[in-house]
Amino acid sequence: MAIRNIVKEGDPVLNKACRQVTDFNERLWQLLDDMHETLKAADGAGLAAPQVGVLRALALVMTEDGSYLEIINPKIVWQEGEQTGAEGCLSIPGVYGEVTRPLKVRVEALDRFGKPFTREAEGFTARAFCHEIDHLSGHLFRELVERYIDPEKE
């Protein structure tokens, strides 16, 4: 496993849509393992493949218990409610803002072996799913910020 460089805002890879994953092999597993190491080292809540320069539809999302869930070719198939809260992004260090997201979501995705699964989440984890899935479409949280936050004042 290796820690990869996290791509920063301004790099065009962050504004491109990802291609679906079709090969579930050792190369994919290595990427996922590297992303786990990278995310752990960065102490983040999620990481999408474009953030390490790879235009494939996969991400890691922190769950309620603090572990990371791998989601490949994810899509939100249901959402309910609304929550507004602070977000930041490893690709935009030091910037935080209030963003409104669904309170609850249901995500369909594939695991690292290509097996489909469904996961429902609410609160923080729902927010993390939405944030990371946005990355896979080339969107950054900054596009949704309602108000920027100075963490030293709040």
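What list of ³J(HN,Hα) values in whole Hz, one per residue of region 143-151 in order, does the Karplus curve 6.51 cos²θ - 1.76 cosθ + 1.60 (θ = phi - 60°) give from phi, with Gly and Pro shown as x?
Each residue's phi maps through the Karplus curve to give 5, 10, 5, 8, 7, 7, 10, 9, x Hz.
So which lysines can Lys8 reach, going by Cα to Cα under 17 Å and dropping same-chain residues fewer than 8 places off?
Within reach: Lys16.
Under 5 Å between amide hydrogens, which residues at least 5 positions from Arg19 or on another chain qualify, with H placed 1.01 Å from N in the peptide plane?
Long-range HN contacts for Arg19: Arg56, Ala57.
Any idea which of Thr22, Leu110, Phe129 is furthest toward the positive side of the dipole for the chain, if Lys and Arg beta-carbons carry +1 and Asp and Glu beta-carbons -1?
Thr22
Using packing as a proxy for protection, rank 41-53, 131-143 so that the peptide with the highest average count of other Cβ atoms within 10 Å comes first.
41-53, 131-143
In terms of Cα to Cα distance under 17 Å, which lysines are near enough to Lys115, apart from those fewer than 8 places away along the same chain?
In chain and number order, the partners are Lys75.
Taking the Cα centre of region 12-149 as origin, work out the dipole magnitude from +1 charges on Lys and Arg Cβ and -1 charges on Asp and Glu Cβ, in debye rounded to 20.
Its charge dipole is roughly 380 debye.
Can you run the Rg to Rh ratio on the chain? Use alpha carbon positions and the Kirkwood inverse-distance Rh.
Value, to two decimals: 0.94.
At 222 nm, what helix-only mean residue ellipticity would the chain give, in deg cm²/dmol to the nearest 500, using -39500 (n - 2.57) for each DSSP H run of four or more?
-6500 deg cm²/dmol
Using the Cβ atoms and a cut-off under 11 Å, what net charge is assigned to the surroundings of Val105, where Lys and Arg are +1 and Asp and Glu are -1?
Net of charged neighbours comes to +2.
Rule-based calculations on the coordinates, nothing more; no lab input. Quantities reported herein were computed from a predicted structural model and do not represent experimental measurements. Cβ: placed from backbone, ideal geometry, glycine included. Neighbour counts: every protein chain shown.
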